[in-house]
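Following: one structure in structure tokens, then a few remarks.
The values are calculated or read from the model by the stated rules, or taken from the named source; none is laboratory data. Treat the numbers as computed from the prediction; the structure is a model and nothing was measured. A quick note on method: Cβ atoms are made from the backbone with ideal geometry, for glycine too, and the neighbour counts reach across all protein chains shown. The accessibility values were calculated without ligands, DNA or RNA, using every heavy atom of the protein model including side chains. Shrake-Rupley method; radii C 1.70, N 1.55, O 1.52, S 1.80 Å.
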Amino acid sequence: MRVLMACAVNPGTNITKSDIAEKCNASKNHLGQVIRQLARLGYVRALRGRNGGLVLAMPASDIRVGAVFRLFEADLPFAECFDEKENNCPLIDTCWLKPALKKAVESFYETLDEISLADLVEGNRELEDMLYLPLRRSGGALSGNCIGRSGADAS
């Protein structure tokens, strides 16, 4: 989500993995994996080369937080009993906790489905101040966020 939020706060700016790593205190290697997945799934457009970077590939209002979390977290079992291959819990056939946890996890994702990326960034001045990247020159042309840090619509 930090990658997507950084892109949304800086519309029209090619943001690099290094920019995000610095702003978000994140590992470049981990971000590389995340960015490849986001690009493969159509959330960001990644451009290689000297003036490369990434930008959102769709409006921030179309990116649902629940969908993003499902993509990155769905393969991770919430508890041991959710992992059909590695489950060693002796209570599996008698425990009523698993259905309760399953319902809670579904509610968690449903709640996140109601939130868009735009909901997270628009009007969030503190986030904009943290993630904003100043205008850059690339190839003689000015590129970057022409809105600036005014707190205006960042999607």
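For region 110-128, the candidate set comprises residues that are of a type in the set (Asp, Glu) and open to solvent by 60 Å² or more (accessible area, probe 1.4 Å); within that set, the residue that is farthest from residue 62 (Cα to Cα) is 126. Taking the criterion of being open to solvent by less than 50 Å² (accessible area, probe 1.4 Å) and among the acidic types (Asp, Glu), the only residue of region 16-45 that qualifies is 19.
For region 3-52, filtering for residues that are part of a helix (DSSP H, G or I) and of a type in the set (A, V, I, L, M) leaves 13. Could you list, in sequence order, the residues of region 60-105 that are within 30 Å of residue 9 (Cβ to Cβ) and either open to solvent by 50 Å² or more (accessible area, probe 1.4 Å) or not in a helix (DSSP H, G or I) (or both)? Once the filter is applied, which keeps residues that are within 30 Å of residue 9 (Cβ to Cβ) and either open to solvent by 50 Å² or more (accessible area, probe 1.4 Å) or not in a helix (DSSP H, G or I) (or both), region 60-105 yields 61, 62, 63, 64, 69, 70, 71, 72, 73, 74, 75, 76.
Scanning for something farther than 20 Å from residue 108 by Cβ, buried (at least 21 other Cβ atoms within 10 Å of the Cβ), among the polar types (S, T, N, Q) and in contact with a strand residue (DSSP E or B) (Cβ under 7 Å, 6 or more places away or on another chain), does region 5-15 turn up at least one residue? So that I can check it myself, show each step before the final result.
From region 5-15, those farther than 20 Å from residue 108 by Cβ are 6-15; that's our starting set.
Retained after the next criterion (residues that are buried (at least 21 other Cβ atoms within 10 Å of the Cβ)): 6-10, 13-15.
Restricting the remaining residues to those that are among the polar types (S, T, N, Q) gives 10, 13-14.
Narrowing further to those that are in contact with a strand residue (DSSP E or B) (Cβ under 7 Å, 6 or more places away or on another chain): 13-14.
Scanning region 5-15, I find at least one residue that is farther than 20 Å from residue 108 by Cβ, buried (at least 21 other Cβ atoms within 10 Å of the Cβ), among the polar types (S, T, N, Q) and in contact with a strand residue (DSSP E or B) (Cβ under 7 Å, 6 or more places away or on another chain), so the answer is yes.
Specify the residue that is farthest from the chain's Cα centre (by Cα); the eligible residues are those in region 73-116 that are under 29 Å from residue 5 (Cβ atoms) and of a type in the set (S, T, N, Q). Result: 107.
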